[in-house]
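The values are calculated or read from the model by the stated rules, or taken from the named source; none is laboratory data. In this text the structure is predicted, and so the values were computed from the model without any measurement. FYI the Cβ positions are ideal-geometry reconstructions off the backbone, even for glycines, and counts take in every protein chain you see.
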Amino acid sequence: MSAEDQDSECEIEDEDYDNYYLSNEEELELADYKKDPESFQYECLKVEEVEKLLNELVELLSLEINVTPSLAKLLLHTLGWSINEIVCMFRADAHGTLVTAKVKPANNNVPKPLMSHQPPSLNNNNPMCPVCYAHQPVEFFKALACGHQFCKECWSSHFEVQVIEGVSTSIGCMGQDCIVLAPEDFVLALINKPNIREKYQRFAFRDYVKSHPQLRFCPGPNCDIIVRSKEPMAKSVVCHQCKSRFCFKCGTDYHAPTDCETIKRWLTKCADDSETANYISAHTKDCPKCHICIEKNGGCNHMQCYNCKHDFCWMCLGDWKSHGSEYYECSRYKENPNIAYESVHAQAREALKKYLHYYERWENHSKSLRLEEQTLTRIKDRIEVKVMESSGTWIDWQYLIDAANLLAKCRYTLKYTYPYAYYMESGPRKELFEYQQAQLEAEIENLSWKIERAETTDRGDLQNQMDIAEKRRSILLKDFLEV
Amino acid sequence: MANIATQRIKREFKEVVKSEEVARCAIRIDLVNDSWSELRGEIAGPPDTPYEGGVFALEIVVPETYPFNPPKVRFLTKIWHPNISSVTGAICLDILKDQWAAAMTLRTVLLSLQALLAAAEPDDPQDAVVARQYKEYHNIFKTTAQHWTAVYAGGPNRIAEYENRVTRLIDMGVDELTARAVLSANNWDLERATETIFS
């Protein structure tokens, strides 16, 4: 389901409420609150479109404050691409702005840095370049706003070396302790080799996109799409071209309800502790009742032993009956209340136990997501067979694919609730979170169970389960997704 | 080696030879071979530091792209300093990395290194063990640096007590270099050093 689909659904819902409770303000607020917390406005742009967009900004600023386009570009890049802010800053303090943007040196009376030996002054027609130590005619020298004079050949060698190392917009003056940056036209005028020029432009464009808060490169392999959002937030983006789904703010896999910082910490922790966690990645467990070895080959965590028909939970190996809607606690980690008084060893063991609790569930849902992808293929095969047998048409079975897609969406969010819970401090808010998480998990497992066993075109029951699961998911996000 | 690099090095070489620092025996540069791509540097330990009285040899490798890239410099003489590896002699100094500017010279590099010996930056360490000692046991750091200067760089203050402990470890069959390094890293605690070596 794409972002637009969700939006349009949402709007229809809102309108219904608006018409129904037209005069009741409280209810209107409620309708507002029901707005999808995941909705996000963005567009996918091609490189040429972004180039055009950036050039328009450059032109606008250069006209507004009367500087060259190249200088305007440097100002936009170093100061964050907000025209209004830069214009205000510039009008208030032009010199200060140019210093902040590293266009001019902070200290205006830098001693004319033409090295101790022979400065290229008017009465000396063959000054020495302080980089190559060669004497050259005055017209061979060039300098940035800081006044550090170097010969053209040294400038171009300097640019070449920097570009080969991947540096572009941060290329600066060659003077000692000088931080003044070289604007684009200065660099391009002095680069002779076409391949270096091409590289410089490519790297510079990459830097411009990275410094622009509204733009982000699609992280998909070999994808050159650039996503633009006018309100940059940690929300889900799906690339129109390669279909990669990622977080707009940090560019990694989408991770609601966990925030960018937390998910980074969690993934680093998982990578560090992978050896410890390796032993739990085994794919088999024994049935808690008859102890026969069971391999999990589906995504659903509600297991039924093929041998003794015992229903149990794959995660905690508890009886599935106690996982009913009333009392589902498998997702919750029970902290030892007296841990502060225990020995350091016991505390370390407890810390590991806690981490493993969350890691096991995180990893298990990742696996379930992969297994449920296979389930989707099986569903498609099954539909084909059913249609061939003339039990229902292809359209009659379509709902099953929708259900599988919804299941994947819900389980994806559920997976990302575990890092969130791991870093949450104990207290009523965590209890509420874990309660909602448990509810979501229970409904997801019900849905998964039903999808894996759907044998009729009786879709009412499944549709109902889909609605419940999605409601649980959106409630949890509404309450805990902070953007 | 590129033309400009050789030309620069030749000029710089002359500059250092003629400079006033050479007159004061503070810095020195020698050629290693005819190619001008490898040089040997020397700096004197700055006064009023634990390195006073020592002379430290440096390996200087001049890259093809010099002076647009910095020279590669490391200490050949062993030295006890937070920003210099006590094992390899590798140096953590910004002007030898991203703060290099083409207008800098070998002379400025050597003078910067001398300044680094006088003012360590323990928060940006190359050698974490030394940096920790510098911050937590500054007196031990100072005597250790003095001792290393005496042993490896010809400084005046060889500390007898430290030498005794090194000898004790040598008697146990440990080689001298390891013995001194491990003792230094363990704040000269003989027991802990023994434990580190034999466990």
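Okay, residues lined up against (1) touching a residue at least 12 places away in the same chain (Cβ under 8 Å); (2) in contact with a Leu (Cβ under 8 Å, 6 or more places away or on another chain); (3) over 26 Å from A:C305 (Cα atoms); (4) not assigned by TED's automatic domain parsing to the domain that holds A:E360:
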position	(1), (2), (3), (4)
A:D402	yes, no, yes, no
A:T417	yes, yes, yes, no
A:A421	yes, no, yes, no
A:E434	yes, no, yes, no
A:I444	yes, yes, no, no
A:I451	yes, yes, no, no
A:D467	no, no, yes, no
So B:R28 clears everything in (1) assigned to a helix (DSSP H, G or I); (2) away from chain A (no Cβ under 14 Å); (3) crowded, with 16+ Cβ neighbours inside 10 Å except one condition, right? Which one? (1)
May I ask you to list the residues in segment A:196-240 that are of a type in the set (D, E), outside the structural domain of A:K73 (by TED's automatic domain parsing) and either free of Cβ contacts under 8 Å to residues at least 40 places away in the same chain or more than 24 Å from A:L75 (Cβ to Cβ) (or both)? A:D224
With the condition kept exactly as written, say whether any residue in segment B:34-45 is over 29 Å from B:A150 (Cα atoms) and surrounded by fewer than 15 Cβ atoms within 10 Å (Cβ to Cβ). yes
Just checking, how many residues over segment B:97-113 are surrounded by 20 or more Cβ atoms within 10 Å (Cβ to Cβ) and either more than 10 Å from chain A (Cβ to nearest Cβ) or not in a loop (DSSP other than H, G, I, E, B) (or both)? 4
Could you tell me which residue of segment A:150-177 is farthest from the other protein chains (Cβ to nearest Cβ), considering only residues that are in contact (Cβ under 8 Å) with a residue 12 or more places away in the chain and of a type in the set (G, A, S)? A:S168
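Results for (1) over 16 Å from B:Q114 (Cβ atoms); (2) of a type in the set (G, A, S), shown as yes or no for each residue.
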{"residue": "B:A26", "(1), (2)": "no, yes"}
{"residue": "B:I29", "(1), (2)": "no, no"}
{"residue": "B:W36", "(1), (2)": "yes, no"}
{"residue": "B:L39", "(1), (2)": "yes, no"}
{"residue": "B:G53", "(1), (2)": "no, yes"}
{"residue": "B:A57", "(1), (2)": "no, yes"}
{"residue": "B:V61", "(1), (2)": "yes, no"}
{"residue": "B:N69", "(1), (2)": "yes, no"}
{"residue": "B:L76", "(1), (2)": "no, no"}
Test for A:R216: is it basic (K, R), more than 21 Å from B:T65 (Cβ to Cβ), buried (at least 21 other Cβ atoms within 10 Å of the Cβ) and more than 13 Å from chain B (Cβ to nearest Cβ): yes
Apart from one, (1) modelled with pLDDT under 90; (2) in a helix (DSSP H, G or I); (3) farther than 26 Å from A:F150 by Cα all hold for B:E121; the odd one out is (2)
Please enumerate the residues belonging to segment A:171-194 that are over 18 Å from A:V131 (Cβ atoms) and assigned to a loop (DSSP other than H, G, I, E, B). A:P183, A:K193
Which numbered condition in (1) over 16 Å from A:F40 (Cα atoms); (2) crowded, with 21+ Cβ neighbours inside 10 Å; (3) without any contact (Cβ under 8 Å) to a residue 60 or more places away in the chain; (4) of a type outside the set (S, T, Y) is the only one that A:V180 fails? (3)
Does A:F246 fit the bill of being in a helix (DSSP H, G or I) and either buried (at least 16 other Cβ atoms within 10 Å of the Cβ) or under 21 Å from the mean Cα position of the chain (by Cα) (or both)? no
Considering only residues of segment B:1-25 that are assigned to a helix (DSSP H, G or I) and touching a strand residue (DSSP E or B) at 6+ places or on another chain (Cβ under 7 Å), which is farthest from B:N157 (Cα to Cα)? B:F13
Please identify the pairs in which a residue from segment A:370-389 that is at negative phi has its Cβ atom under 7 Å from the Cβ atom of a residue that is surrounded by 12 or more Cβ atoms within 10 Å (Cβ to Cβ) and of a type in the set (D, E), counting only partners at least 6 apart or on another chain. A:T375/A:E452
Take A:L144 and decide whether it is surrounded by 15 or more Cβ atoms within 10 Å (Cβ to Cβ), in the same structural domain as A:S170 (by TED's automatic domain parsing), at pLDDT 60 or above and among the hydrophobic types (A, V, I, L, M, F, W, C). yes
From the set of residues in segment B:42-82 that are among the β-branched types (V, I, T) and not in a strand (DSSP E or B), which is nearest to the other protein chains (Cβ to nearest Cβ)? B:T65
Just give me the residues in segment A:53-86 being charged (D, E, K, R) and within 14 Å of A:L215 (Cβ to Cβ), in sequence order. A:E56
